[in-house]
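Below: one structure, written as structure tokens.
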Amino acid sequence: VRLFAVSLRDGADDRQALWEQMIANFQLLADEAADKGVTLALQNHNNRNLAATGADVLAILDQVGRDNFTYILDTGEWLGSIGASPLGASDPGVDIYTFMEHAAPRAAYVRAKIYRVASGREERIDYERVVEILKGAGFDGTVSIVLQNQTEGLADTEAVRLAAGHLLELLAD
């Protein structure tokens, strides 16, 4: 079961209090799920979410501390990433790949966001770098494509075909 961390509202929230409640809630959910043989997976998410950086993800996983509480790495949903921006552009002052390097060793599953792939290679996320990070972390789980097709005139089916080819080529090396 995929889970998201708490998201903050505009200046109205006590981050520490929300953090502590979130951890307690995740522990409770994980304990209930374990009784039924269910695995829960935290997915990193954007700017306002308490799992917006690699350090956030690791802290949540460590503090929840349950064997059935794992992690889904979303390549396009980090603090400063293109997925976090309403303008559709990443923040050049934030290195999302460092976040991935921190969190990848704990990933059980990867959601590969695809934004622009008309050239045959994803243009917004450096998947050569992402795959090197995953390989370096010893990742051997599933990688799924999450299409966010931003190329006018490119059919979704063609975008998925191109993205799959690009990722398969990189993962095969």
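Quick look at the values:
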item	result
Stretch gain in nm, segment VAL160-ASP62, where the contour uses 0.36 nm per residue and the Cα spacing is subtracted	31.8 nm
With every protein chain in place, the range 37-82: carbon and sulfur % of accessible area (1.4 Å)	48
Inter-probe distance in nm under a simple model that places probes 7 Å from Cα toward Cβ, at THR142 and GLU128	3.0
Cα-based Rg / Dmax (Å) for the range 23-75	11.0, 33
Calculated over the range 109-173: convex hull of Cα atoms, volume per residue (Å³)	71
Gain in span if fully extended, GLU32 to LEU168, counting 0.36 nm per residue against the direct Cα distance	45.2 nm
Solvent-accessible surface ranking, highest first, for VAL143, VAL110 at 1.4 angstrom	VAL143, VAL110
Exposure of ASP10 as accessible area (Å², to 10), given a probe of 1.4 Å and all protein chains	120
Exposure of ILE125 as accessible area (Å², to 10), given a probe of 1.4 Å and all protein chains	0
Semi-axis lengths, Å, the chain, gyration tensor of Cα atoms, sqrt of 5 times eigenvalues	29, 19, 14
Heavy-atom SASA rank of SER144, SER7, SER81 (probe 1.4 Å, accessible area, largest first)	SER7, SER144, SER81
Per residue solvent-accessible surface (Å²) - the chain, probe of 1.4 Å	51
Exposure of ASP156 as accessible area (Å², to 10), given a probe of 1.4 Å and all protein chains	90
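The values are calculated or read from the model by the stated rules, or taken from the named source; none is laboratory data. The structure displayed is predicted, hence computed values, not measured ones. Note that each Cβ is placed from the backbone with ideal geometry, even for glycine, and that neighbours are counted across all protein chains shown. Remember, those area values only see protein heavy atoms, side chains included, never the ligands or the DNA or RNA. Shrake-Rupley method; radii C 1.70, N 1.55, O 1.52, S 1.80 Å.
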